[in-house]
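The values are calculated or read from the model by the stated rules, or taken from the named source; none is laboratory data. Please read all numbers here as calculations on a predicted model, not as lab measurements. Note: ideal-geometry Cβ built from the backbone for every residue, glycine included; neighbour counts use all protein chains shown.
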Amino acid sequence: MPIKSQITDPATGKLVAVDAPEGESNALIVSTRDLKTYEDKFDYFLDANGSADMNLAVTAGATPENVYDGGDKTQWTASTISGTFTHTSTAHAKEAVITVVDWTGLALDTITIIINGVTTIRTEGTNWDNEVSNEVTAENIRVAMDAITGITATRSVAVVTIVTDIGYDITSLATSAGADMTATARCEDASASAANGVVQYARGADLDLTNYISLTGWVYLTKWVSQGALIYGWDVSGSIQLGIAVNIGAYVNTATLNTWQRFTIPLTDLGIAGLTTGFDAIRIQIVNSNVDTYWDYIRIQEQAVTPVNPTYFTIKAETGTWWIIRSISMIVADAMAGTLADGTMPALAYNKILGVTNLTNGLIYNRLNNGEVVKTIAIHNLGDWLSRPHTEIRSAISDGTNTYVVIESEFTEPVILKSENDDQLRFLVADDVSGLLMLRMTAAGKVEQRT
């Protein structure tokens, strides 16, 4: 004989009720309300001073410390600590160099460059002239090279430095001039390195970091899995790591392959800001073998005379709470008309942020759990932001002079920021976006009291 049983609340003695409608199966009556009470919460991403205004004029000083550019110029000394690296690879280049050694021997000589698979030849007497001096000849070459799509050329004395624009890659640079003029386009090639391969760039003497703010460089990814590559400061004489090893992948879009991407890492992130002695090298470690990457044009940026440094804007839960984030929004305004002539849709370019051209670094979004970066997105333009799932333009208004846009991105599942873990969402502003009238980021969701 079955034992008679009932579901009862031991605290109150109340029985659980059963719903038994005609023609339907019997079922327990259960509440669908939230078990806990939440408070609605909306807030801005804020900097350390409590400001929400992200349209900063981030700038660097005029004299960076040049670390490594594939050996195109004499900079820090590259050496392999372990693994396999090619320090002067010609596979790709972000930066390239042409040096005029003897202008008198350059009659009818050529410079040949390949950019994104397109070959361009510049010939003396047709595209540039050798005249007067090495310096004047180098300036003539600079003008001729600067006119080529995809690159920007500058000159110092008799050296012409070529840097590719965003979306362009140099795969060859050569000259017919022999010893009278040299031309190189090289990078560091880590594509053959196994897990835990380490390369070092040594200065040969300590660098006082008092007036430096960030480490910058360019990476070209053809394969990137998991941690990818770590970068950190090093003391050669003491043979010890300085500060913190950070993942380069936390500062670029690792899902974007086969193009140069710039990373900007605040020295505070590396834990070496303000060091006056001991720092004389940088090391990069390949974490696993499922990484094929190249890097170029690594520099330590000087603080500007009137400093506006790369800045984090952050949100996190207040002590004793969990903040359950449903969505984050970009709020941006600029001095532009913002409407097409026929009024069919907002006149917004996918490769800009309103009137500001494609950002070099991008607004770097990080999600941190327990102090570890678990998600990174680099937002260079509106297209990057709108390509996120569940992202829409919520508002777009214009008075014919200024345009104001709100773009909201909803999470597929809410993101929970736990105060006890110091979980955070943050954006790093490392570009000059002062051309915008307004740039802010917000988060919306609900808060659960945990204590």
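Side notes on the structure shown:
- Residues in segment 107-130 that are in contact (Cβ under 8 Å) with a residue 60 or more places away in the chain and surrounded by fewer than 13 Cβ atoms within 10 Å (Cβ to Cβ): there are none.
- All of (1) in the same structural domain as Ile286 (by TED's automatic domain parsing); (2) surrounded by fewer than 17 Cβ atoms within 10 Å (Cβ to Cβ); (3) at pLDDT below 95 hold for Ile166 with one exception: (1).
- The number of residues in segment 389-403 that are surrounded by fewer than 16 Cβ atoms within 10 Å (Cβ to Cβ) and not in a strand (DSSP E or B) comes to 5.
- Condition check for Ala205: more than 19 Å from the chain's Cα centre (by Cα), modelled with pLDDT under 95 and not in a helix (DSSP H, G or I): no
- The numbered conditions (1) at pLDDT below 95; (2) within 22 Å of the chain's Cα centre (by Cα) are all true for Tyr212 except (1).
- Single unsatisfied condition, Thr149 versus (1) hydroxyl-bearing (Ser, Thr, Tyr); (2) in the same structural domain as Val100 (by TED's automatic domain parsing); (3) outside any loop (DSSP other than H, G, I, E, B): (3)
- Listed by first and then second residue, the pairs linking a residue in segment 58-72 that is more than 15 Å from Phe85 (Cβ to Cβ) and touching a residue at least 60 places away in the same chain (Cβ under 8 Å) to a residue that is among the hydroxyl-bearing types (Ser, Thr, Tyr) and part of a loop (DSSP other than H, G, I, E, B), with Cβ atoms under 8 Å apart and 6 or more places separating them unless they lie on different chains, are Thr59/Thr306.
So that you can scan it fast, the table gives a plain yes or no per residue for (1) within 21 Å of Leu428 (Cα to Cα); (2) outside the structural domain of Met441 (by TED's automatic domain parsing); (3) in contact with a His (Cβ under 6 Å, 6 or more places away or on another chain); (4) polar (S, T, N, Q):
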| residue | (1), (2), (3), (4) |
| --- | --- |
| Phe263 | yes, yes, no, no |
| Pro266 | yes, yes, no, no |
| Asp280 | no, yes, no, no |
| Ala317 | yes, no, no, no |
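- Consider segment 245-259 and keep the residues that are aliphatic (A, V, I, L, M) and in a loop (DSSP other than H, G, I, E, B). The one that is nearest to Asp235 (Cα to Cα) is Val252.
Yes/no matrix, rows are residues, columns are (1) part of a loop (DSSP other than H, G, I, E, B); (2) in contact (Cβ under 8 Å) with a residue 24 or more places away in the chain:
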{"residue": "Asp296", "(1), (2)": "no, yes"}
{"residue": "Gln301", "(1), (2)": "no, yes"}
{"residue": "Phe313", "(1), (2)": "no, yes"}
{"residue": "Ile324", "(1), (2)": "no, yes"}
{"residue": "Met336", "(1), (2)": "yes, yes"}
{"residue": "Thr344", "(1), (2)": "yes, no"}
{"residue": "Leu359", "(1), (2)": "yes, yes"}
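- Given (1) surrounded by fewer than 19 Cβ atoms within 10 Å (Cβ to Cβ); (2) assigned to a loop (DSSP other than H, G, I, E, B); (3) of a type outside the set (S, T, N, Q), index of the condition Ala60 fails: (1)
- Segment 412-437: number of residues that are surrounded by fewer than 16 Cβ atoms within 10 Å (Cβ to Cβ), part of a strand (DSSP E or B) and not acidic (Asp, Glu): 3
- Some residue of segment 253-268 being over 18 Å from the mean Cα position of the chain (by Cα) and either among the hydrophobic types (A, V, I, L, M, F, W, C) or over 23 Å from Glu408 (Cα atoms) (or both): no
- Residues that are out of contact with any strand residue (DSSP E or B) (no Cβ under 7 Å at 6 or more places or on another chain) and in contact (Cβ under 8 Å) with a residue 40 or more places away in the chain within segment 400-439 comprise Gly400, Thr401, Asp431, listed in sequence order.
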